Amino acid sequence: MDKKAEKRLVNIVGKEHALSDSAERLCYSYDGTFYRGTPDLVLFPQNAAEIAAIMKIANEEKIPVYPRGAGTGLSGGAIANDGGLVLVLTRMNRILEINDEDMLAVVEPGVVTDHLHRAVEAMGLFYPPDPASLKACTIGGNVAENAGGPRGFKYGVTADYILGLEFVSPEGKIIRTGGRTIKNVAGYHLIGLMAGSEGTLGIITEITLRLIKKPAALKTALLIYDDLDLAAKTVAATIREGIVPCTMELMDDLTIACVEKTKNLGLPQDAKAILLVECDGDESQVEVEMEKVVALARREGATAVETATDAKQRERLWLARRSSSAAIAHLNPTKFAEDITVPRSQIPAVLKALKAIAEEYDLKLPVFGHAGDGNLHPNIMADKENEEEMVRVKKGLDALFRVALDHQGTISGEHGIGISKKKYLTWQMGEEALAYMAQIKRGVDPNQILNPGKIF
C-alpha cells in the first residue's frame, strides 16, 4: 500500500484506531476457518461518513477493502486474501433505538447479537435469529451472511426481520433502503440484495430490525434414539403432522461423544442420536405442543425423553448443542464446517449418505445441525498438513455437496460461499446465473475492490 494513501486513510479514523504493526495485523488475518490472509492495514471506523471517505480513497488507489465484524464466519468471507485494508466495524456498536410501539430496533453493525437479544427481551420484545456464535457475532455480519440459527425452523432467518438498511457503496456513496414500515415495495428490493451479499456489494452501517412479542413460555426436551435414521424420521413426521416447534436440533453419536468428553454434561453415551426440541408460545399452547412432540417421538422410535423442568436444566441441554462446534475440534485440528440444507423429507436419506461418505473416504465426519429446517452441519475433521488425508477430504467434500444437490438441496444454508465454496456454487447455480451475479458486482464495484476473491 502506498505510504501516502495509508497516511490519508489513517487520518480519517485517527492513529489510535489504526493498526499497521505486523503482529497486530496478524490478529485480523483469520476467521472461524483455517484460511489466512494478512492485511496491510486495519482500520476501525466510527460511522458511515468515515467509511465513505475510506472507500473513496480505496477506489482512487485501487486498494482491496475487506469488511469485518467479529471474525466468527465459517466460509473465509472476512479474509484479506490479497493484502489491502480490513475495516473492522466493532466500534459501531450502539443500539440506537428500541421502539415498542412500532416494534422495531435500530442498531449499528457492530452490535453483538446476544446484546440485542437481552436488550429487547428486557422490554418484553423478541428478536428471533440466533446463530450459534450469538455471544460473539455481530448484527452486521448476520446481515451480510443472512445468518440463521436453531430458531430458524419456526421464525426464519435474519433477512426476514430487516426493515431498513444504510450502507456505503464500493465507490463511497451512502445509501438508504427500506425504512420502518412492514410493507414497502418502492423500487428494487435492495435489502434482499444486501442480505447474504457477504460484504461484496456494500458495507452495512445501520440496520432497522422488526421485532415481535416475546413468547410467554418455553418448554425444552431431549429426545434420545438408538438409531440416527429414526431421529431423522421423527423430524419428517413432525412436519407432516403440522407441528412447528421453535427448534429441532440434531446431534449424531460422534458429536455426542465429543461434547460429553469436553463438557461432562451427562449426555447418553450409548445413543446414536439426540434431538433437542423446544416449543414456545402461550403456556397452554406450549404444554399441548410438547405433549404432541413427545408422543410422536416415542411412536417414531425414541428410546427415552428428558424434559427440562427449570432454567438450569434447559441451559444444560442448550450448552450441549451450542458446544458442538468447539467440542469436535479435538478430533483433528482442521475443520471443514459445512452447512448443507435439504428439504426436510430428504433428511433421512442425506444422513445415510453422509455416513457412507465418511466410511468410503475414511473420514471423521460428525453431524449436527438445525434439523427442523433441513439445515445440517456435516463437519469433516482432518489435518491439513497430512497430504494423503487432504486428498480424501477433497473427494469427501465433492461427494458431500453432490449429495446435497442430488437431494434438491443447497450447498449453504447460512455460512455463505466466501472462499471455501466457490467451486461448488457453479454446480448449484449454473454458469448463466453466476454470470448474472457477476454483472451486478461489476456494476456497483467497477474497480472490484470490495471483498474481492469471495463468492466468484
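The values are calculated or read from the model by the stated rules, or taken from the named source; none is laboratory data. Every value quoted in this text rests on a predicted model; they were computed, and no experiment measured them. Heads up, the Cβs are rebuilt from the backbone with ideal geometry, glycines too, and the neighbour counts pull from every protein chain shown. Heavy atoms of the whole protein, side chains included, go into the accessibility calculation; ligands, DNA and RNA do not. Shrake-Rupley method; radii C 1.70, N 1.55, O 1.52, S 1.80 Å.
For segment 144-157, the condition of being in contact (Cβ under 8 Å) with a residue 24 or more places away in the chain, among the aliphatic types (A, V, I, L, M) and farther than 17 Å from residue 111 by Cα holds for at least one residue.
Within segment 233-283, take every residue that is under 17 Å from residue 310 (Cα atoms) and among the small types (Gly, Ala, Ser) and give me the one that is surrounded by the fewest Cβ atoms within 10 Å (Cβ to Cβ). The qualifying residue surrounded by the fewest Cβ atoms within 10 Å (Cβ to Cβ) is 266. Taking the criterion of being at positive phi and open to solvent by 10 Å² or more (accessible area, probe 1.4 Å), would at least one residue in segment 152-170 satisfy it? So far as segment 152-170 goes, yes, one or more of its residues are at positive phi and open to solvent by 10 Å² or more (accessible area, probe 1.4 Å).
Every residue, every condition in (1) closer than 20 Å to residue 151 by Cβ; (2) among the charged types (D, E, K, R); (3) modelled with pLDDT under 95; (4) touching a helix residue (DSSP H, G or I) at 6+ places or on another chain (Cβ under 6 Å), yes or no:
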| residue | (1), (2), (3), (4) |
| --- | --- |
| 176 | no, yes, no, no |
| 204 | no, no, no, yes |
| 214 | yes, yes, no, yes |
| 224 | no, no, no, no |
| 229 | no, yes, no, yes |
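Selection of first residues in segment 110-128 that are farther than 15 Å from residue 162 by Cα and touching a residue at least 60 places away in the same chain (Cβ under 8 Å) and of second residues that are crowded, with 19+ Cβ neighbours inside 10 Å and not hydrophobic (A, V, I, L, M, F, W, C), restricted to Cβ pairs under 7 Å at least 6 apart or on distinct chains, gives the following pairs, ordered by first then second residue: 120/127. Residue 293 falls short on exactly one of the conditions (1) closer than 30 Å to residue 33 by Cα; (2) at pLDDT 95 or above; (3) in a helix (DSSP H, G or I), and that condition is (1). Scan segment 336-373 for residues that are crowded, with 20+ Cβ neighbours inside 10 Å and part of a strand (DSSP E or B) and the total you get is 7. Filtered by the rule that a residue be over 12 Å from residue 218 (Cβ atoms) and modelled with pLDDT of 95 or more, segment 271-287 gives 271, 272, 273, 274, 275, 276. Quick one: in segment 1-51, which of the residues that are among the acidic types (Asp, Glu), part of a helix (DSSP H, G or I) and surrounded by 16 or more Cβ atoms within 10 Å (Cβ to Cβ) is farthest from the chain's Cα centre (by Cα)? Among those that are among the acidic types (Asp, Glu), part of a helix (DSSP H, G or I) and surrounded by 16 or more Cβ atoms within 10 Å (Cβ to Cβ), it is 6. Can you pull out every residue in segment 423-456 that is open to solvent by 50 Å² or more (accessible area, probe 1.4 Å) and within 20 Å of residue 173 (Cα to Cα)? Once the filter is applied, which keeps residues that are open to solvent by 50 Å² or more (accessible area, probe 1.4 Å) and within 20 Å of residue 173 (Cα to Cα), segment 423-456 yields 439, 440, 442, 443, 444, 446, 447, 448. For residue 57, state whether it is open to solvent by less than 20 Å² (accessible area, probe 1.4 Å), in a loop (DSSP other than H, G, I, E, B), of a type in the set (Val, Ile, Thr) and in contact (Cβ under 8 Å) with a residue 12 or more places away in the chain. No.
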